[in-house]
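**Student:** Following this message is one structure expressed as structure tokens.
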Protein chains: 2
Amino acid sequence: MRIFKDPLEMQRWSMEQRVCGSSIGLVPTMGYLHNGHLSLIEELQAECDLVVLSIFVNPTQFGPDEDFGKYPRDEKGDLEMCENSGVSAVFIPDVDSIYDHSASVCVVENLLSLGLCGGSRPGHFRGVCTIVAKLFNIVQPNVAIFGQKDYQQVSIINRMVIDLNFPVEIKIAPIVREIDGLAISSRNIYLSENARVQALSLSNALQQAHERFFAGVSDASELKSLMREIMHDSALDIDYVEIVNSATLAPVEMVEMGDVAMIAAFCDKIRLIDNCVM
Amino acid sequence: MRIFKDPLEMQRWSMEQRVCGSSIGLVPTMGYLHNGHLSLIEELQAECDLVVLSIFVNPTQFGPDEDFGKYPRDEKGDLEMCENSGVSAVFIPDVDSIYDHSASVCVVENLLSLGLCGGSRPGHFRGVCTIVAKLFNIVQPNVAIFGQKDYQQVSIINRMVIDLNFPVEIKIAPIVREIDGLAISSRNIYLSENARVQALSLSNALQQAHERFFAGVSDASELKSLMREIMHDSALDIDYVEIVNSATLAPVEMVEMGDVAMIAAFCDKIRLIDNCVM
């Protein structure tokens, strides 16, 4: 397994592989790898000659009051997991090699990013778009994979690929859950035993809204009230509860098949998100 | 010579050439080709296996009151000139195939683009960065060449290449001038006989400032006053007269070797720009 810290060396290697006819799959991560990431690696290994996994906790997608400094890191464990999973190369750059001190160019999405997580985290998706564009140019993947847990993120990246004509196919991997339903996230490590129980109400709320929808309830307000109640009963600090059109991410009034219920909440000050396609 | 209208077909061809080991040089243009463009083609032919020339009058870099609709077009003449110059492929897409009706992602530069042409033409460089990023992703060039006449544009594109890690080398071609000194531009075609004479005061002003600088005058105010006077005497409608640091594009007070004198003026309502490295 190759390990690259320098963007230029990573880029050179990738271009060499592409000229040799090898296809490259990219798994962009912020490290602290878990089973969710492993499923992404496996999915790309099935269709690409080489899988590159990037590990970069991207400062520009964290707000000033967010958990950039505290975001969990485990370089040694991550590299071991990559080695054991048959990853071809890991790209693990320093912040300084990614962001020049006089950088002034960024990639901005102006529609899908306004609400939901984008509403609560101003600048977050500008940071995401910019780092993903950079990773695409550095790693030169044929395919890149993102988890459906970050539904808004995937929608925005899809939009970016179309609007900037990146020659990259985007794959979306289903949400990986713990046995009790909690969506797997690197941030789960921070949950106290009590908060870990509370956190279940996110997936519970989604599941019950899903069931109620299939029992015939299509009024978005009713389904959202139901989810709010369930989360409120667990004393979660709700950020948003929304049901949106899967393409536009605009809130819907009458829910149809394919719309997406999306929630975000603070659980013991840890921000968790989850979603469910109706 | 290949002619591509469809971005996907252009992209597929370019990727095939790259996999075969051919290097690609890109000459991005808005068409209505002139000797300035020919010099760009020749320069890239000297170092690339294939030269792709793009012709696209990009609506997003024109303001609502600018000359997008009137910008000169001559598809037939352009294609002939490309054929005669040994261009490998021309990319000449429609606006609709470049901009999806629900496009919402753009590339933004937040520092170098604030003043000069960016100050007079809000949104212009956002349009430029976005279309150039798209062209880079579609044509996949190893090298792209831009004329020094658009000095600010080249600076911003250089910045974009660094900040978004595009694997593209940017070359800058010197300004090509008519025999009397006027910088060659597609817009010169619009100048009346009288305006054509007036327009000479742009290059005259720059040349005299240049001479005065080498005669020992380094006070920027004095040099700018000199240029303003010369242009004022020709009854030009001055947009800006500035002397800036070549890297930051920030105005300087004391002029040093390598600083850049930049001017823009309306001549018979036609906006002309020119510059000179001191």
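The values are calculated or read from the model by the stated rules, or taken from the named source; none is laboratory data. Computed from a predicted model, the values in this text were never measured in an experiment. Glycine gets a Cβ as well: all are built from the backbone with ideal geometry, and neighbour counts include every protein chain shown.
**Student:** Counting only residues that are assigned to a loop (DSSP other than H, G, I, E, B) and free of Cβ contacts under 8 Å to residues at least 40 places away in the same chain, how many does segment B:49-66 have?
**Tutor:** Residues in segment B:49-66 being assigned to a loop (DSSP other than H, G, I, E, B) and free of Cβ contacts under 8 Å to residues at least 40 places away in the same chain: 4 in total.
**Student:** In this structure, does A:F266 turn out to be aromatic (F, W, Y) and buried (at least 22 other Cβ atoms within 10 Å of the Cβ)?
**Tutor:** no
**Student:** Working carefully through the options A:I273, A:I243, find the one that is buried (at least 20 other Cβ atoms within 10 Å of the Cβ) and in contact (Cβ under 8 Å) with a residue 40 or more places away in the chain.
**Tutor:** A:I273
**Student:** A:S203: polar (S, T, N, Q), assigned to a helix (DSSP H, G or I), under 19 Å from the mean Cα position of the chain (by Cα) and not assigned by TED's automatic domain parsing to the domain that holds A:D67, yes or no?
**Tutor:** yes
**Student:** I would also like to ask the following. Given the residues B:G86, B:G77, which is the only one that is under 23 Å from B:R12 (Cβ atoms) and surrounded by fewer than 19 Cβ atoms within 10 Å (Cβ to Cβ)?
**Tutor:** Only one candidate qualifies: B:G86.
**Student:** Next question, about the same structure. Hey, B:I138 hits all of (1) closer than 24 Å to B:L8 by Cβ; (2) touching a residue at least 24 places away in the same chain (Cβ under 8 Å); (3) part of a loop (DSSP other than H, G, I, E, B) but one; which does it fall short on?
**Tutor:** For B:I138, the exception is condition (3).
**Student:** Looking only at residues in segment A:179-194 that are aliphatic (A, V, I, L, M) and touching an Asp or Glu at 6+ places or on another chain (Cβ under 9 Å), which one is surrounded by the most Cβ atoms within 10 Å (Cβ to Cβ)?
**Tutor:** Here the answer is A:A183.
**Student:** While we're on this one: Looking at segment A:238-248, is at least one residue among the hydroxyl-bearing types (S, T, Y), assigned to a strand (DSSP E or B) and in contact with a strand residue (DSSP E or B) (Cβ under 9 Å, 6 or more places away or on another chain)?
**Tutor:** Checked segment A:238-248: at least one residue is among the hydroxyl-bearing types (S, T, Y), assigned to a strand (DSSP E or B) and in contact with a strand residue (DSSP E or B) (Cβ under 9 Å, 6 or more places away or on another chain).
**Student:** Can you pull out the residues in segment A:218-235 that are more than 13 Å from A:V252 (Cβ to Cβ) and either touching a strand residue (DSSP E or B) at 6+ places or on another chain (Cβ under 7 Å) or not polar (S, T, N, Q) (or both)?
**Tutor:** A:L226, A:M227, A:R228, A:E229, A:I230, A:M231, A:H232, A:D233, A:A235
**Student:** Can I ask one more? Given the condition more than 16 Å from the chain's Cα centre (by Cα), closer than 17 Å to A:V168 by Cα and touching a residue at least 40 places away in the same chain (Cβ under 8 Å), answer yes or no: does some residue in segment A:94-112 qualify?
**Tutor:** There is at least one residue in segment A:94-112 that is more than 16 Å from the chain's Cα centre (by Cα), closer than 17 Å to A:V168 by Cα and touching a residue at least 40 places away in the same chain (Cβ under 8 Å).
**Student:** Just to be sure, is A:S54 touching a strand residue (DSSP E or B) at 6+ places or on another chain (Cβ under 9 Å) and either on the phi > 0 side of the Ramachandran plot or surrounded by fewer than 18 Cβ atoms within 10 Å (Cβ to Cβ) (or both)?
**Tutor:** No: the conditions fail for A:S54.
**Student:** On the basis of being touching a Phe, Trp or Tyr at 6+ places or on another chain (Cβ under 6 Å), closer than 25 Å to A:I24 by Cβ and buried (at least 19 other Cβ atoms within 10 Å of the Cβ), does A:F146 make the cut?
**Tutor:** no
**Student:** Ok, one more. Name the residues in segment B:154-180 that are away from every other protein chain (no Cβ under 14 Å) and part of a strand (DSSP E or B), would you?
**Tutor:** B:K171, B:I172, B:A173, B:R177
**Student:** When you check B:D94 against the structure, is it away from chain A (no Cβ under 14 Å) and surrounded by 15 or more Cβ atoms within 10 Å (Cβ to Cβ), yes or no?
**Tutor:** So B:D94 does not fit the description; no.
**Student:** Could you check B:N137 against (1) assigned by TED's automatic domain parsing to the domain that holds B:Y32; (2) surrounded by fewer than 20 Cβ atoms within 10 Å (Cβ to Cβ); (3) farther than 19 Å from B:N275 by Cβ; (4) among the polar types (S, T, N, Q) and say which number it fails?
**Tutor:** Against the list (1) assigned by TED's automatic domain parsing to the domain that holds B:Y32; (2) surrounded by fewer than 20 Cβ atoms within 10 Å (Cβ to Cβ); (3) farther than 19 Å from B:N275 by Cβ; (4) among the polar types (S, T, N, Q), B:N137 comes up short only on (2).
**Student:** While we're looking at this one, here's another question. Exactly one of these conditions fails for A:V176: (1) of a type in the set (A, V, I, L, M); (2) over 13 Å from the mean Cα position of the chain (by Cα); (3) surrounded by fewer than 19 Cβ atoms within 10 Å (Cβ to Cβ). Give me its number.
**Tutor:** Single failed check for A:V176: (2).
**Student:** Which one of these does B:I179 not meet: (1) in contact with a helix residue (DSSP H, G or I) (Cβ under 8 Å, 6 or more places away or on another chain); (2) without any contact (Cβ under 8 Å) to a residue 24 or more places away in the chain?
**Tutor:** (1)
**Student:** When the residues of segment A:99-134 are filtered to those that are in contact with a Ser or Thr (Cβ under 9 Å, 6 or more places away or on another chain), at the interface with chain B (Cβ under 9 Å from one of its Cβ atoms) and assigned to a helix (DSSP H, G or I), which remaining residue is surrounded by the most Cβ atoms within 10 Å (Cβ to Cβ)?
**Tutor:** Here the residue is A:C129.
**Student:** Turning to a different aspect of this structure: Just to check your reading of the model, which residue among B:M15, B:M81 is more than 24 Å from B:R177 (Cα to Cα) and aliphatic (A, V, I, L, M)?
**Tutor:** B:M15
**Student:** Could you run through segment A:154-167 and say how many residues are surrounded by 22 or more Cβ atoms within 10 Å (Cβ to Cβ) and in contact with a helix residue (DSSP H, G or I) (Cβ under 6 Å, 6 or more places away or on another chain)?
**Tutor:** Counting residues in segment A:154-167 that are surrounded by 22 or more Cβ atoms within 10 Å (Cβ to Cβ) and in contact with a helix residue (DSSP H, G or I) (Cβ under 6 Å, 6 or more places away or on another chain) gives 5.
**Student:** Take segment A:1-38 and flag every residue that is in contact with a Lys or Arg (Cβ under 8 Å, 6 or more places away or on another chain), within 14 Å of another protein chain (Cβ to nearest Cβ) and either of a type in the set (A, V, I, L, M, F, W, C) or not in a helix (DSSP H, G or I) (or both).
**Tutor:** Within segment A:1-38, A:W13, A:V19, A:I24 meet the criteria.
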